[in-house]
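K.L.:
Right, I'll just put the structure down here and ask away after.
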Amino acid sequence: MFDALSLSALPPEDEALRPALRTLIAGAIADLPLHRRARSWQGFDAAFSRKLGQAGYLGLSLPKEYGGIGRGPFTRFVVVEELLSAGAPVAGHWIADRQSGPLILHYGTEEQRRFYLPRISRGEALFCIGMSEPGSGSDLASVRSRADLQKDGSWLLNGQKIWTTNAMHSDYMIALVRTSGTNEDRQSGLSQVIVDLTLPGITIRPIVDLTGDAHFAEVFFDDVRLTPDALIGEEGQGWRQVTAELAFERSGPERIYSSVVLIDAWVRHLDAAGRKDSATLRLVGTLTAQLAVLREMSLAVTARLVEGESPVVEASLMKDIGTGFEQAVPQLIGDDLASNPDEPVDAELYRTLLYVTHIAPSFSLRGGTREILRGIIARGLGLR
Ligand SMILES: Cc1cc2nc3c(=O)[nH]c(=O)nc-3n(C[C@H](O)[C@H](O)[C@H](O)COP(=O)(O)OP(=O)(O)OC[C@H]3O[C@@H](n4cnc5c(N)ncnc54)[C@H](O)[C@@H]3O)c2cc1C
């Protein structure tokens with residue numbers, strides 16, 4: 001399987017984006033304490049997202065004719081890497097930029113592209129993903145929310161979604177719903193619809209997580225009337241579309257940098273403490289080497305996306321190994337600090353460690369659980 005991943009370098013024109021982007025990010029997050037930077041994925045700041053859009057760092061892989069930047073996955077790799085490694089708040093534009101935009105580009109009507117894509121590129125249309133439901137998280141084919149076609153061409157939506165990241169801050173949800181048949185039909189009869197979250201009949205209730213933050217929500221649809229143009233792609237093809245969409249979600253550098261603000265802070269702490277014994281150096285070296293290899297793998301998957309392929313199995317492998325690394329980091333750093341009890345530690349480093357330790361279990365859940373990914377990998381290897 002590793003034959004599918006060849007070494008690949010970032011084009012110089014994408015590398016060249018870094019200095020200006022770093023300046024913009026540094027200016028925007030100068031006042032953010034470390035534990036807030038560690039929340040990068042969860043950090044919601046609509047003004048910052050709009051600023052990125054205005055500066056031309058969103059819609060990077062969307063064509064210029066739809067208001068995008070017309071570059072591609074390598075450019076996006078550089079931008080995402082800079083944002084996450086600095087701990088910038090990405091949650092505002094994250095889902096629209098990574099998933100909803102490409103989905104609308106591939107499957108949307110011309111009208112939908114012209115309406116949504118320019119606003120996504122400006123950071124002005126914020127999206128959330130309505131896939132999970134109570135009782136159908138990993139088993140997406142069992143979704144029960146239902147949009148019934150009405151005589152006048154509109155859709156009547158009823159049901160419930162759960163774990164919807166930032167539903168309460170978003171303008172739109174792309175929801176996977178049943179549009180025909182029964183729940184026993186599994187993959188067939190599912191469709192994707194764009195739901196304007198201001199419509200009557202929608203109730204959004206934030207859910208508080210283990211860290212004390214409320215970054216996701218449950219969403220209830222009670223006789224919500226959607227206009228005929230809410231359907232995205234083909235009726236009954238939702239399963240195929242969702243599977244392709246998940247390949248965008250699983251492959252990027254976002255699957256290796258969730259704990260990187262903590263690593264940086266810990267290395268600065270080691271420096272300040274003057275700790276240079278061989279066990280410490282071995283741990284720093286191990287984490288750096290693992291991160292470097294994961295980055296190369298992520299780049300190799302990005303290169304396949306640049307070729308227009310959909311490397312679903314490789315992206316799953318990347319996410320499984322990458323999130324394993326991200327989860328190991330708080331454990332290793334926590335053990336290291338505990339093993340040196342006489343060393344003074346800045347309170348902010350403890351706060352950051354506490355946050356990353358609490359949020360780390362979610363790294364291998366969000367975007368598809370570890371067990372599901374391993375099933376996909378096994379199938380890709382012909383083992384199932
Ligand atoms: C931080 C975070 C953000 C999220 N954001 C969103 C979002 O924006 N939109 C959205 O739709 N969802 C979102 N989710 C939901 C997430 O995708 C689901 O939690 C996930 O798909 C698992 O579903 P579940 O929680 O219902 O667990 P279940 O599906 O009940 O699974 C429970 C356990 O059983 C295992 N399991 C289930 N089926 C199998 C199988 N066939 N073989 C082997 N093992 C199996 C799972 O791997 C898991 O370990 C988010 C989750 C998190 C943690």
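The values are calculated or read from the model by the stated rules, or taken from the named source; none is laboratory data. Worth saying up front: this structure is predicted, and the values here are computed from it rather than measured. In this analysis, Cβ positions are derived from the backbone assuming ideal geometry, glycine residues included, and neighbour counts consider all displayed protein chains. SASA here: full protein model, heavy atoms, side chains in, ligands and nucleic acids out. Shrake-Rupley method; radii C 1.70, N 1.55, O 1.52, S 1.80 Å.
K.L.:
Would you please name the residue that is nearest to the ligand (Cβ to nearest atom), looking only at residues in region 367-384 that are surrounded by fewer than 18 Cβ atoms within 10 Å (Cβ to Cβ) and part of a loop (DSSP other than H, G, I, E, B)?
P.N.:
Thr369
K.L.:
Any idea which of (1) at positive phi; (2) hydrophobic (A, V, I, L, M, F, W, C); (3) touching a His at 6+ places or on another chain (Cβ under 7 Å) is the one Leu126 doesn't satisfy?
P.N.:
For Leu126, the exception is condition (1).
K.L.:
Moving to a separate point now. Looking only at region 340-362, decide whether some residue is in a helix (DSSP H, G or I), more than 12 Å from the ligand (Cβ to nearest atom), among the polar types (S, T, N, Q) and touching a residue at least 12 places away in the same chain (Cβ under 8 Å).
P.N.:
Yes - at least one qualifying residue is present in region 340-362.
K.L.:
Turning to a different aspect of this structure: Checking the conditions here, which among Ser170, Ser191, Ser154 is at pLDDT 95 or above and within 20 Å of Asp97 (Cβ to Cβ)?
P.N.:
It is Ser170.
K.L.:
Pairs under 8 Å by beta carbon, first residue under 16 Å from Arg370 (Cα atoms) in region 131-146, partner more than 6 Å from the ligand (Cβ to nearest atom) and aromatic (Phe, Trp, Tyr), six or more apart or different chains?
P.N.:
Leu140/Trp239
K.L.:
Turning to a different aspect of this structure: What tally of residues in region 63-118 results from selecting those that are of a type in the set (Val, Ile, Thr), over 21 Å from Gln192 (Cβ atoms) and either part of a helix (DSSP H, G or I) or open to solvent by 20 Å² or more (accessible area, probe 1.4 Å) (or both)?
P.N.:
5
K.L.:
Could you list, in sequence order, the residues of region 178-201 that are within 15 Å of Pro228 (Cα to Cα) and under 26 Å from the mean Cα position of the chain (by Cα)?
P.N.:
Selection gives Ser191, Gln192, Val193, Ile194, Val195, Asp196, Leu199.
K.L.:
Filter region 210-260 down to the residues that are more than 21 Å from the chain's Cα centre (by Cα) and among the polar types (S, T, N, Q), then identify the one that is most open to solvent (accessible area, probe 1.4 Å).
P.N.:
Thr227
K.L.:
Return the residues of region 160-190 that are within 10 Å of the ligand (Cβ to nearest atom), open to solvent by less than 40 Å² (accessible area, probe 1.4 Å) and among the β-branched types (Val, Ile, Thr); say none if nothing qualifies.
P.N.:
If the condition is that a residue be within 10 Å of the ligand (Cβ to nearest atom), open to solvent by less than 40 Å² (accessible area, probe 1.4 Å) and among the β-branched types (Val, Ile, Thr), then Ile162, Thr164, Ile174 are the ones that fit.
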